[in-house]
Amino acid sequence: MAVSDDYADKFSAIFERTLFPLLSAELQAFIRHQAGQYRFTLQELRQICEISRDLEMWGEASIQQLWNSAQIEKSAGKAAKKIIINQLTADWLALKNGATRYPKREKHPLPVQKLKLETRDKKQLGLGFCPVASERTRCCNLMTLDAIDNCGFDCSYCSIQAFYHENKIYFDQRFAEKLQALELDPNQTYHIGTGQSSDSLLWGNKHGILDTLTAFACANPNVILELKTKSKNIAYLLEHEIPSNIICTWSLNTPTIISNEEHRAATLDDRINAARQVADRGIVVGFHFHPMIHYDGWREEYMQIFQRLQDRFKPEEVALVSFGTLTYTKSVVKQIRQRGLKSKILQLPLINSDGKLSYSEEVKLEMFSRAYRSFAAWHGQVFFYLCMENNRLWEPVFGYAYPSNEDFESAMKRAYMTKTGAAL
Ligand code: SF4
């Protein structure tokens, strides 16, 4: 049935305010037809479009397949609409709450990425406290240094996408000058990390970024400078003298998650081999398992990596191992739907946890406890911690907890300084 004139006029205005324009032409045609028939309100249309978008991203059944016309035809008008919305929501929830199954495959074929590397003069040095820390979590008070803005790895769960919406990577024109001018208290120890606003190694030494960071570390031996990465681009670290107060840490994940959610980042093998080569240069390394994802097969796949690290690295070479999982704000969820990358990230059964969307405490306790137990050989020799998690989880996972963020922070700094041989 064609969309009636008055509804059509209203329809074109309201669908702009939904995800409708981002859906495939086939889906749009289907929803337009149903909308004409059932005269959806803005809220109903928004819901139907979000469910359609999720199903597309998840690679699950399409909304046409879930649209059980038979049952709907038994009713009419408002009642029919109610059945449609309830049925679709129930099917969507069932997919969300069921076991998350990832297809076994190589990396998704992705459209060619046209990134533009640009320089700009940022008003001030991008140095501040970790943007994802919150008063509801036990936090290490990491200071983050935004050497570069925006990233090229396209990890589907990454919160950076909520800040940067374009394909431009920004280098700060006067970054070196600002960093050299930074005055730090020589009697204080600082833990500063790059890798929050972009990947620390992906761009190599473009615009002299790694020259600047190593010079900064050389000039400030009381700084632990952590270069966090998902890259295999370690040429600079292999070809240059790197001061001992620089540590390189890799975010690792299972091959299933890397091929399905970390679309353009290096493979697991490449990351572990890169870390091995860097450690062979005497540079202290570390590993972040963040986000750990709970899906069919997670136990086996994570355990394999934990064992592999203990086979390839000595504890004296490794400063840290951290665990964490997904925590979302609504704006990141909105951004993920806007981008529509093939991903099951929004299919995960996340609940409201400490003001953000995350796994239930029960799931977290199982994942983190199993992970920590798997590193028994490194307990007491490597610094283990939970990132962005509530203090409630520490005791059950580690058997200890820090009474405050400051205690956590100083324990971490002591451990890193000891591992890097820096004077305490
Ligand atoms: S624990 Fe994680 S979230 Fe908290 S400050 Fe440290 S790095 Fe940031």
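The table below lists the values:
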read-out: Leading residue by the ranking (most open to solvent (accessible area, probe 1.4 Å)) among those in region 112-134 that are within 11 Å of the ligand (Cβ to nearest atom) and in a loop (DSSP other than H, G, I, E, B); value: P131
read-out: Condition met for S259 (at pLDDT below 95, open to solvent by less than 30 Å² (accessible area, probe 1.4 Å) and not in a helix (DSSP H, G or I)); value: no
read-out: Subset tally (residues that are among the charged types (D, E, K, R) and either within 14 Å of the ligand (Cβ to nearest atom) or outside any helix (DSSP H, G or I) (or both)) for region 341-394; value: 5
read-out: Filtered residues of region 136-148 (kept if more than 9 Å from the ligand (Cβ to nearest atom) and either under 19 Å from K364 (Cα atoms) or basic (K, R) (or both)); value: R136
read-out: Verdict on R271 being farther than 26 Å from A176 by Cα, of a type in the set (K, R) and away from the ligand (no atom under 16 Å from the Cβ); value: yes
read-out: F323 in a helix (DSSP H, G or I), out of contact with any Gly (no Cβ under 8 Å at 6 or more places or on another chain) and under 23 Å from W250 (Cβ atoms); value: no
read-out: Conditions (1) out of contact with any His (no Cβ under 8 Å at 6 or more places or on another chain); (2) under 30 Å from W298 (Cβ atoms); number of the one not met by P221; value: (2)
read-out: So K232, is it outside any helix (DSSP H, G or I) and at pLDDT 95 or above; value: yes
read-out: Any hit, region 98-111, residues being at pLDDT 90 or above, among the aliphatic types (A, V, I, L, M) and either out of contact with any Pro (no Cβ under 8 Å at 6 or more places or on another chain) or within 16 Å of the ligand (Cβ to nearest atom) (or both); value: no
read-out: Residue match in region 398-405 (condition: of a type outside the set (K, R), assigned to a helix (DSSP H, G or I), touching a residue at least 12 places away in the same chain (Cβ under 8 Å) and open to solvent by 50 Å² or more (accessible area, probe 1.4 Å)); value: no
read-out: Whichever residue in region 1-24 is closer than 22 Å to I336 by Cβ and loosely packed, with under 12 Cβ neighbours inside 10 Å and, among such residues, is modelled with the lowest pLDDT; value: E16
read-out: Breaking point among (1) at pLDDT below 95; (2) within 14 Å of the ligand (Cβ to nearest atom), for D154; value: (2)
read-out: Residue count for region 16-25, restricted to those that are touching a residue at least 12 places away in the same chain (Cβ under 8 Å) and either under 12 Å from Q64 (Cβ atoms) or in a loop (DSSP other than H, G, I, E, B) (or both); value: 5
read-out: First in region 309-338 and in contact (Cβ under 8 Å) with a residue 12 or more places away in the chain, second anywhere and within 14 Å of the ligand (Cβ to nearest atom) and part of a helix (DSSP H, G or I), Cβ under 6 Å, 6 or more apart; value: A319/Y416; F323/F368; V332/S159
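Condition check ((1) open to solvent by 10 Å² or more (accessible area, probe 1.4 Å); (2) among the acidic types (D, E); (3) in contact with a strand residue (DSSP E or B) (Cβ under 9 Å, 6 or more places away or on another chain); (4) in the same structural domain as L252 (by TED's automatic domain parsing)) across all residues:
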{"position": "D269", "(1), (2), (3), (4)": "yes, yes, no, yes"}
{"position": "A275", "(1), (2), (3), (4)": "no, no, yes, yes"}
{"position": "G297", "(1), (2), (3), (4)": "yes, no, no, yes"}
{"position": "R308", "(1), (2), (3), (4)": "yes, no, no, yes"}
{"position": "K314", "(1), (2), (3), (4)": "yes, no, no, yes"}
{"position": "F323", "(1), (2), (3), (4)": "no, no, yes, yes"}
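The values are calculated or read from the model by the stated rules, or taken from the named source; none is laboratory data. Every value quoted in this text rests on a predicted model; they were computed, and no experiment measured them. Don't worry about glycine lacking a Cβ; one is built from the backbone with ideal geometry, like all the others, and counts go over all protein chains shown. Areas reflect the complete protein model, heavy atoms only, side chains present, ligands, DNA and RNA absent. Shrake-Rupley method; radii C 1.70, N 1.55, O 1.52, S 1.80 Å.
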